[in-house]
1. On full extension of the chain, what length is gained from Met50 through Gln114, given 0.36 nm per residue of separation minus the C-alpha to C-alpha distance?
2. What's the extension gain from Gln92 to Asn222 if we count 0.36 nm per residue and subtract their Cα-Cα distance?
3. Please give the length that would be gained between Val81 and Asp175 if that part of the chain were fully extended, namely 0.36 nm times their separation in residues minus their C-alpha to C-alpha distance (nm, one decimal).
4. Which residue, Gln145, Leu128, Ala158, has the largest displacement toward the positive end of the dipole of region 100-187 when charges sit on each Cβ (Lys, Arg +1; Asp, Glu -1)?
5. Whole number in Å², please: accessible area per residue of region 1-144, 1.4 Å probe, ligands, DNA and RNA not counted.
6. Whole-Hz Karplus ³J(HN,Hα) for region 82-91, in order, using 6.51 cos²θ - 1.76 cosθ + 1.60 and θ = phi - 60°, x for Gly and Pro?
7. Using label points projected 7 Å from each Cα along Cα→Cβ, tell me how many nm separate Ser164 and Glu127, to one decimal.
8. With every protein chain in place, what's the accessible area of His85 (1.4 Å probe, Å², nearest 10)?
Amino acid sequence: GPLHAAGLARELGIPRLLIPARPGITNALGCAVADLRRDYVNTVNQPVEMLDPTVVERILGEQVAGGRKLLEREGIAIEAVRLIHSADMQFQGQSHILSIALPRAQATRDELQQLFERAYFARFGVELPEIRAVLVNLHTAVIGQRPRTPLRLLQPGAPRPPASRKVWFDGGWLDTPVYQREALPAALAGPAIIEQLDCTTVLEPGNRAESDAAGNLVVTVN
């Protein structure tokens, strides 16, 4: 339905509103241009001191290989692949788990223990070097970074003269210009109706709207 800028602003107690270039399909647009991401987790659940020193590199390597294969299968152009590795760890005998960022896909037992102790101290302000750590899970996020979509593609085109029709505002009919969103002037004052495929915006009398560099409408409510 119509988006009443002034009424919403009064209800929220804010003097300005931002109306996206494509309000009705913003989520769909985000899905169409967002990076591709695949998340993996493998359970290890072993004390770090008993850990096979090759297990971290092997598991993370398998996760990376699986993620890259799925990205290739998508058939969508990507500029680069970014990897994020982490480990779920806890002190032996405790149930609280901390997520630890791993700087690379290889980590020795000592490195895992030190990373966990630093994260535990940062979280709780306590050092417990006598208690050994347990590696619970290993995670990898494989992110296919897509080319950036220029937001200028959503900006209005050349302005065109509006149509006009009578619209009811606050107990009376007013001759109101009716603009197409893709052909707006840089600034306009209410009353006005702004129509587009996915939304209709009602600009009430006394309010003003301006287009920003990304094609959004910034409405100043009076």
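The values are calculated or read from the model by the stated rules, or taken from the named source; none is laboratory data. Remember, it's a predicted structure, so these values are computed and weren't measured experimentally. A quick note on method: Cβ atoms are made from the backbone with ideal geometry, for glycine too, and the neighbour counts reach across all protein chains shown. Calculation scope for accessible area: heavy atoms of the full protein, side chains included, ligands and nucleic acids excluded. Shrake-Rupley method; radii C 1.70, N 1.55, O 1.52, S 1.80 Å.
1. In short, 21.5 nm is gained.
2. Details: separation 130, 0.36 × 130 = 46.80 nm, distance 6.13 nm.
Residue separation times 0.36 nm, minus the Cα-Cα distance, leaves 40.7 nm.
3. Working: separation 94, 0.36 × 94 = 33.84 nm, distance 5.50 nm.
Result: 28.3 nm gained on full extension.
4. Ala158
5. On the way: 8560 Å² over 144 residues.
Ligands and nucleic acids excluded, the result is 59 Å² per residue.
6. Using θ = phi - 60°, the values come out as 10, 10, 10, 10, 8, 9, 8, 9, 8, 6 Hz.
7. 8.0
8. Accessible surface of His85 is approximately 20 Å².
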